[in-house]
Structures are given as structure tokens and as C-alpha cells.
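**Student:** Supplied in C-alpha cells, the structure appears directly below.
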Amino acid sequence: MTYTGEVTVGGPADTREAGDLIITKIAVGPMANNAYLLRCALTGEQVLIDAADQAEVLLDQLGDRGLARVITTHGHGDHWQALEKVVEATGAETIAGADDAADLPIAVDHPVRTGARIRVGSCELEVIEIVGHTPGSIMLAYDDPDGITHLFTGDSLFPGGVGRTWSPDDFIRLLSDVESKIFDRFDDDTWFYPGHGNDSTLGAERASVPEWHARGW
């Protein structure tokens, strides 16, 4: 089966292999949030990105392998509705951007900033702070053995534009961070996985960045 990244609430998850990292995408909740279960093929260790909603669905997806940690991409409530239940059921550690940690409903074990590394068994995610959608939003980058970067972007980057902001200054800061920390650094074949909706690549979006500047959202 070919991975498309097109998932719907109540529908099946979609899974791909990226070297030793197995990525499973599932849509949950009334806002069709994406949650990403990452599993190391070598060790079986699992990490969840955004326990957004429907804890029972997420816990079922875990199977019997357990859960080492939950990473929350930012502090908006639609991305952590299931966090407390998932942690209670699994004993997983909690991780979030340092400047959004206080917005989560339970204590964050590991507040992180740019450059932090998060293990998924033998694999590693790099933390990148992206300010604008919220003060403490983070993206997570994984480099697979084939030289492709996989980016989990939360609500900071989508196909067609950056995430929602609530002031012109926030928009300028968000787009500046996305340009300098993401587009200026990573190649066109970088695949990104947003907090809602379908995936895309930086190459598919790069030519539209000037349009994003001009329209102001």
C-alpha cells in the first residue's frame, strides 16, 4: 500500500516506513486533528505526537507496545484533549515547547527548546521552535537514512500557508521563522506532516511563499 497521508476521522490510519522510523497518521476529534504515532522498527519504542482527542482511538493504535512519551506541538486545546487520559493509561513522559508548557492540562516533564533531541528508540527527532501561532510552538525534524527530512509541523505550516495568527506582528514572526528555520534550511524533498489535513513537501510550497507574504496570512 502506498502512503498518501489522507486520513479522515473514523477512517483507517495511514502508515509509512522512513528508514527505521514507522510513521502512523490518524485523524481524531471534531476538528479533525492529526495525531502521529512514531515507532522504532529496531526497538519497538513508541512516541506520540499530539494526543489531540479520542483517547480510546489513540490507545487502541498503540497495541501492546506501550508508549514512551507524548510530544505536544503547541498549547492550543484541540491538540491535547486526550493527553491526560493517554498519560494515565501508559505512564508516558510529556514533552512540549518551554513557552507553551503552562497551557497544557498536566505537568510537562520535559519543556524543550530549539536543538533539543528526542529519542524514538534508535531514531532521533530534533526540536525547532517556531513562534507566531503560539509563543511555544515546536516542529520536529527526523532525517531518514535515504537523506529525506520528515517534519512534524503542528499548526505552524500547512499546504497553502502558515498557521493562523492573531496580529500582524505574529504573522510576520511566524512567516519569518518558517522561512529562516525551515525553507532556508531544508531541501525541496522534505516531507511535512501538519496538525490538520493533508501532508505536503517544501518543494510543493516554496514558490508560494511570496504570495503568503503579500496576502498577509
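**Student:** Scan the range 194-217 for residues that are assigned to a helix (DSSP H, G or I) and in contact with a helix residue (DSSP H, G or I) (Cβ under 9 Å, 6 or more places away or on another chain) and jot them down.
**Tutor:** Hits for the range 194-217 are LEU202, GLU205, ARG206, VAL209, TRP212, HIS213.
**Student:** So, one more: Out of VAL86, VAL57, VAL47, which single residue is crowded, with 21+ Cβ neighbours inside 10 Å, hydrophobic (A, V, I, L, M, F, W, C) and not in a strand (DSSP E or B)?
**Tutor:** Checking each option against the conditions leaves just VAL86.
**Student:** Right, something else. For the range 1-20, which positions are part of a loop (DSSP other than H, G, I, E, B), surrounded by 14 or more Cβ atoms within 10 Å (Cβ to Cβ) and either touching a Gly at 6+ places or on another chain (Cβ under 6 Å) or charged (D, E, K, R) (or both)?
**Tutor:** If the condition is that a residue be part of a loop (DSSP other than H, G, I, E, B), surrounded by 14 or more Cβ atoms within 10 Å (Cβ to Cβ) and either touching a Gly at 6+ places or on another chain (Cβ under 6 Å) or charged (D, E, K, R) (or both), then ASP20 is the only one that fits.
**Student:** Determine which single condition HIS213 fails, assuming it passes every other condition in (1) touching a residue at least 40 places away in the same chain (Cβ under 8 Å); (2) more than 20 Å from the chain's Cα centre (by Cα).
**Tutor:** For HIS213, the failing item is (1).
**Student:** Additional query: Answer yes if at least one residue in the range 64-71 is of a type in the set (Lys, Arg), more than 18 Å from the chain's Cα centre (by Cα) and not in a helix (DSSP H, G or I), and no otherwise.
**Tutor:** Checked against the condition, which is being of a type in the set (Lys, Arg), more than 18 Å from the chain's Cα centre (by Cα) and not in a helix (DSSP H, G or I), the range 64-71 yields at least one hit.
**Student:** Would you check if GLU56 is of a type in the set (D, E, K, R), free of Cβ contacts under 8 Å to residues at least 40 places away in the same chain and in contact with a strand residue (DSSP E or B) (Cβ under 9 Å, 6 or more places away or on another chain)?
**Tutor:** no
**Student:** Next up: On the given criteria, is ASP78 among the charged types (D, E, K, R) and assigned to a loop (DSSP other than H, G, I, E, B)?
**Tutor:** Details: among the charged types (D, E, K, R): yes; assigned to a loop (DSSP other than H, G, I, E, B): no.
So ASP78 fails the test.
**Student:** Only residues in the range 68-84 that are among the acidic types (Asp, Glu) count as the first member; pair them with residues that are surrounded by fewer than 24 Cβ atoms within 10 Å (Cβ to Cβ), Cβ under 7 angstrom, at least 6 apart or cross-chain, and list the lot.
**Tutor:** As it stands, the answer is ASP78/GLY29; ASP78/MET31; GLU84/PRO105; GLU84/ILE106, since those pairs meet every condition given.
**Student:** Okay, moving on. With respect to ALA51, determine if the residue is among the small types (Gly, Ala, Ser) and touching a Leu at 6+ places or on another chain (Cβ under 6 Å). Steps first, answer last, please.
**Tutor:** Working: among the small types (Gly, Ala, Ser): yes; touching a Leu at 6+ places or on another chain (Cβ under 6 Å): yes.
In short, yes.
**Student:** So PRO30 passes all but one of these: (1) of a type outside the set (S, T, N, Q); (2) over 20 Å from ASP199 (Cα atoms); (3) over 16 Å from the mean Cα position of the chain (by Cα). Which condition number does it fail?
**Tutor:** So the condition that PRO30 fails would be (2).
**Student:** Still on this structure, I have one more. Only one residue in SER137, SER167 is farther than 26 Å from ARG69 by Cβ and out of contact with any Lys or Arg (no Cβ under 9 Å at 6 or more places or on another chain), so which one is that? Can you show your working first?
**Tutor:** Values: SER137 fails: farther than 26 Å from ARG69 by Cβ.
So the residue among SER137, SER167 that is farther than 26 Å from ARG69 by Cβ and out of contact with any Lys or Arg (no Cβ under 9 Å at 6 or more places or on another chain) is SER167.
**Student:** State which residue is surrounded by the fewest Cβ atoms within 10 Å (Cβ to Cβ) when the search covers only the range 131-161 and only residues that are aliphatic (A, V, I, L, M) and within 14 Å of the chain's Cα centre (by Cα).
**Tutor:** ALA141
**Student:** Pick from the range 120-129 the residues that are β-branched (Val, Ile, Thr) and under 12 Å from the mean Cα position of the chain (by Cα): which of them is surrounded by the fewest Cβ atoms within 10 Å (Cβ to Cβ)?
**Tutor:** The qualifying residue surrounded by the fewest Cβ atoms within 10 Å (Cβ to Cβ) is VAL127.
Where a number appears in this text, it was derived from the coordinates with a stated rule and is not lab data. Bear in mind the structure is a predicted one, so any value in this text is a computation, not a measurement. Virtual Cβ from ideal backbone geometry, glycine too; neighbours counted across all protein chains shown.
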